[in-house]
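The values are calculated or read from the model by the stated rules, or taken from the named source; none is laboratory data. As the structure is a prediction and not an experimental result, all values here were calculated from the model. Backbone-built Cβ (ideal geometry, glycine too); neighbour counts: all protein chains shown.
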Amino acid sequence: MDNDLRFEPVTAERWGDFETLFGPQVAFYNCWCVALRLPHSVRTAMTPDERKAHMRERIEAGPPPGILCYADGGPVAWVQVGPRHDVPQFNSPRTVSRPLEEDDARDPSIWAISCFFLLPKLRGRRMSHRLLAGAIDYARRQGARLLEACPIDHVKQSKSVTLCIGSTAIFDAAGFETIARRKDGRPLMRLELRD
């Protein structure tokens, strides 16, 4: 499987694949990957179907808010990657992921990787490294100048839900550098994609 991965931007035509990937159990407690798109008070007041509808509308409106990974003829993973401004809660002044400079949140050339999801059967197989490489390649091809993330240093178990934000180790391995550390275990990291 690892040699036969394909990455595609999630577009309106691929909504069915996104829905299939998240499945009937719905990844991350029915989040539908809106955690960094909506304020906590708004998000928690929504039903799972409302969160799903919100993400579907966002995908249909474009541009793609991330990429899907395909293997063996179907979707197996997702990475939320795009301009920082597309994930407003990533930029909140109260978060450890807030930008270094306020204007960075509006700069279309500064992108963020803010969420990973892969099928449980693929965990522990270095898939996160492959997903990150796919996201870096996609951001570079779309003209991003900088790519940022706010991963977590350690988790007690590899299947922890907090890994949806990614492990610092995979970002280190991909060449990201720590540019701020506002909380122990949660560095803000950056990769320069072009001069």
Determine, yes or no, whether Arg190 is farther than 27 Å from Val42 by Cβ and touching a Phe, Trp or Tyr at 6+ places or on another chain (Cβ under 8 Å).
-> yes
Out of Arg58, Arg51, report the one residue that is over 27 Å from Ala144 (Cα atoms), under 18 Å from the mean Cα position of the chain (by Cα) and surrounded by 17 or more Cβ atoms within 10 Å (Cβ to Cβ).
-> Arg51
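Results for (1) at pLDDT below 90; (2) loosely packed, with under 14 Cβ neighbours inside 10 Å; (3) part of a helix (DSSP H, G or I); (4) out of contact with any strand residue (DSSP E or B) (no Cβ under 7 Å at 6 or more places or on another chain), shown as yes or no for each residue.
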{"residue": "Arg14", "(1), (2), (3), (4)": "no, no, yes, no"}
{"residue": "Tyr29", "(1), (2), (3), (4)": "yes, yes, yes, yes"}
{"residue": "Cys33", "(1), (2), (3), (4)": "yes, no, no, no"}
{"residue": "Leu38", "(1), (2), (3), (4)": "no, no, no, yes"}
{"residue": "Arg43", "(1), (2), (3), (4)": "no, no, yes, yes"}
What are the residues in region 45-73 that are within 18 Å of Pro88 (Cβ to Cβ), out of contact with any Ser or Thr (no Cβ under 8 Å at 6 or more places or on another chain) and part of a loop (DSSP other than H, G, I, E, B), if any?
-> Met46, Pro63, Pro65
Looking only at residues in region 90-123 that are out of contact with any helix residue (DSSP H, G or I) (no Cβ under 8 Å at 6 or more places or on another chain) and not in a loop (DSSP other than H, G, I, E, B), which one is modelled with the highest pLDDT?
-> Asp103
